[in-house]
Every structure is written in structure tokens, then in C-alpha cells.
Amino acid sequence: MSDDEIDRFIADLILIADVVETPQNVAVVSEDPNDDPIIAAAVTGHTEVLCTLDRHLHRTIVKEYCLQRGVGVLADVELLTRLRTTMAG
């Protein structure tokens, strides 16, 4: 991407993004604490789906934590399948 394309992309993100303040006390991903802010942002922002290929975020304990708070954790292909099913039906 060119610098202009990057600037336009960021400007578009700013228009549609919701900025959330995340709590600092979320400790869910014991294998990689650097992933905890991702979980905190998804939950605080009332995200429906967190689409990721990060293996730590697909661990059962993390997925259960997220589901209890209304956030699904899906891989890219799972999300595409869900979107196609929703659009078809």
C-alpha cells in the first residue's frame, strides 16, 4: 500500500471504529499475557466475534470466558462460513 492508501485506510477506520477503555485486570490468556488486552477490548467493546488465528485465543478456557461475555472466538474460515450461511438464509 502507498502512504496515501494507508492514510485513507486509517481515516476510514477512525470513522467506523469504537474506541474503548480496557480494564487492566483481565488475565485470561496464561500462555501469552500480551493477548489479554485483545480479550479485554473485545469484551469491553461488546464485540460479537473476535476473528483470529492466534492459537492461544482458541484455547477452551479463553473461548469459554469470551462466550460467557457474549463474544465468539472464530478462525477466519469459521467466520466466513458463518457469514455465508447468514447471508444465504
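Mind checking segment 1-72 for GluC sites (Glu not before Pro) that DSSP puts in a loop (not H, G, I, E or B) and that have at most 16 other Cβ atoms within 10 Å?
Numbers: sites: GLU5, GLU21, GLU31, GLU48, GLU64; in loops: GLU21, GLU31, GLU48.
Qualifying residues, ordered by number: GLU21, GLU31, GLU48.
Given the -39500 (n - 2.57) contribution per DSSP H run of 4+ residues, what per-residue ellipticity at 222 nm results for the chain, rounded to the nearest 500 deg cm²/dmol?
Details: 4 runs with 45 residues, N = 89.
The per-residue figure over the chain is -15500 deg cm²/dmol.
At a threshold of 8 angstrom on Cα-Cα distance, excluding pairs fewer than six apart, so keeping six or more, what relative contact order does the chain reach in percent? Could the numbers behind the result be given before it?
Working: 76 pairs, mean separation 20.0, N = 89.
About 22 percent, as a whole number.
Past the 23 angstrom mark, what percentage of all C-alpha to C-alpha distances in the chain do you count?
I get 36 percent for the Cα pairs in the chain exceeding 23 Å.
Each reported figure results from applying straightforward, stated rules to the coordinates on display, with no laboratory input. Everything numeric in this text was worked out from a predicted model, so none of it was measured. A quick note on method: Cβ atoms are made from the backbone with ideal geometry, for glycine too, and the neighbour counts reach across all protein chains shown.
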